[in-house]
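For reference, the structure discussed in these notes is given below.
The values are calculated or read from the model by the stated rules, or taken from the named source; none is laboratory data. These numbers come from a predicted model, not from an experiment. In this analysis, Cβ positions are derived from the backbone assuming ideal geometry, glycine residues included, and neighbour counts consider all displayed protein chains. To get the accessible areas, we keep the full protein, side chains included, count just its heavy atoms, and leave off ligands, DNA and RNA. Shrake-Rupley method; radii C 1.70, N 1.55, O 1.52, S 1.80 Å.
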Amino acid sequence: MRAALLLLIVLMFLSHAACKPMTAMTEVHKGRQALMAGKGEAALAHFQRATELDPDFLYFSTLPQSAITYTGRALYQLGRFSEARQAFEQARLRFTDDTMARLYLGVTFLRQDHRERGLQETTAGLTAIYQWLDFIVANLPQGVYWDINREIRSEIERVLQQITDRRLSIEQLMETAEWVGNRMEWEIDAARRDEQMSRNRE
């Protein structure tokens with residue numbers, strides 16, 4: 001009897017633990033929808049709940065992005081740059097492959113007038129995203145659905161060249177970096193949709 005009760009308790013614990021990542025996924029999914037609709041407060045609430053449920057949660061869509069980074073992005077959208085910077089710095093420490101955290105950390109530095117550090121981090125973030133896109137297009141089956149017309153990579157090439165030539169203002173850099181970040185978010189859904197449509201045709 002005691003063994004059966006112990007087994008039941010263990011099963012309940014495992015079931016609860018298994019539900020946490022799924023619940024975090026749901027919160028991030030809802031938060032993404034709000035973020036992309038410009039509803040920063042609603043997005044922030046969802047992302048904070050996801051982070052509380054699972055601080056190590058990574059939203060995978062080929063492109064890994066942590067719930068902490070999404071929290072920072074909602075704070076950034078709301079103009080709460082000091083809090084956003086803390087979130088991006090935390091994400092950078094915990095998730096080395098989270099290129100979006102690096103990109104937005106750089107833009108946040110620029111927003112706070114830390115020009116040298118901001119330029120360094122933003123440039124590194126744009127370069128990392130460019131390299132990531134090149135890698136998946138060349139090496140992964142899902143790559144055929146990403147940046148099909150090279151619009152994102154072409155824009156990154158343009159802005160990096162302008163940085164090298166010292167022909168780009170900080171305002172233009174922030175605008176381009178934000179465009180890349182937002183476009184990558186839309187690209188996640190577009191790539192997923194196109195891949196699903198391709199599978200359905202097969």
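Since T164 meets every condition but one in (1) of a type in the set (S, T, Y); (2) in contact (Cβ under 8 Å) with a residue 12 or more places away in the chain; (3) open to solvent by 60 Å² or more (accessible area, probe 1.4 Å), which condition does it not meet?
With respect to (1) of a type in the set (S, T, Y); (2) in contact (Cβ under 8 Å) with a residue 12 or more places away in the chain; (3) open to solvent by 60 Å² or more (accessible area, probe 1.4 Å), T164 is out only on (2).
State all residues of region 59-85 that are closer than 16 Å to L110 by Cβ, crowded, with 16+ Cβ neighbours inside 10 Å and either under 12 Å from the mean Cα position of the chain (by Cα) or of a type outside the set (D, E, K, R) (or both); if no residue qualifies, say none.
Correct list: G72, R73, L75, Y76, Q77, F81, A84.
Quick check: anything in region 140-156 among the acidic types (D, E), at pLDDT 95 or above, assigned to a loop (DSSP other than H, G, I, E, B) and closer than 23 Å to R193 by Cα?
Yes: one or more hits.
Quick one: in region 117-143, which of the residues that are among the β-branched types (V, I, T) and either over 16 Å from W186 (Cα atoms) or in contact with a Phe, Trp or Tyr (Cβ under 9 Å, 6 or more places away or on another chain) (or both) is surrounded by the fewest Cβ atoms within 10 Å (Cβ to Cβ)?
Once the filter is applied, the top-ranked residue is T127.
What tally of residues in region 29-48 results from selecting those that are closer than 14 Å to Y59 by Cα and either loosely packed, with under 15 Cβ neighbours inside 10 Å or over 15 Å from the mean Cα position of the chain (by Cα) (or both)?
2
Evaluate the following for T26: is it surrounded by fewer than 16 Cβ atoms within 10 Å (Cβ to Cβ), modelled with pLDDT under 95 and under 30 Å from R166 (Cα atoms)?
no
Looking at the structure I just gave you, is Q196 touching a Ser or Thr at 6+ places or on another chain (Cβ under 6 Å) and either within 19 Å of T99 (Cα to Cα) or part of a helix (DSSP H, G or I) (or both)?
It is false that Q196 is touching a Ser or Thr at 6+ places or on another chain (Cβ under 6 Å) and either within 19 Å of T99 (Cα to Cα) or part of a helix (DSSP H, G or I) (or both).
Of the conditions (1) touching a Pro at 6+ places or on another chain (Cβ under 7 Å); (2) surrounded by fewer than 20 Cβ atoms within 10 Å (Cβ to Cβ), D98 clears all except one; give me its number.
(2)
Could you run through region 167-202 and say how many residues are of a type in the set (A, V, I, L, M, F, W, C) and surrounded by 16 or more Cβ atoms within 10 Å (Cβ to Cβ)?
Count: 8.
Name the residue that is nearest to Y76 (Cα to Cα), counting only residues in region 149-161 that are free of Cβ contacts under 8 Å to residues at least 24 places away in the same chain and surrounded by 13 or more Cβ atoms within 10 Å (Cβ to Cβ).
The qualifying residue nearest to Y76 (Cα to Cα) is R153.
Name the residues in region 94-123 that are in a helix (DSSP H, G or I) and within 15 Å of the chain's Cα centre (by Cα), would you?
Residues satisfying the conditions are R94, T99, M100, A101, R102, L103, Y104, L105, G106, V107, T108, T122.
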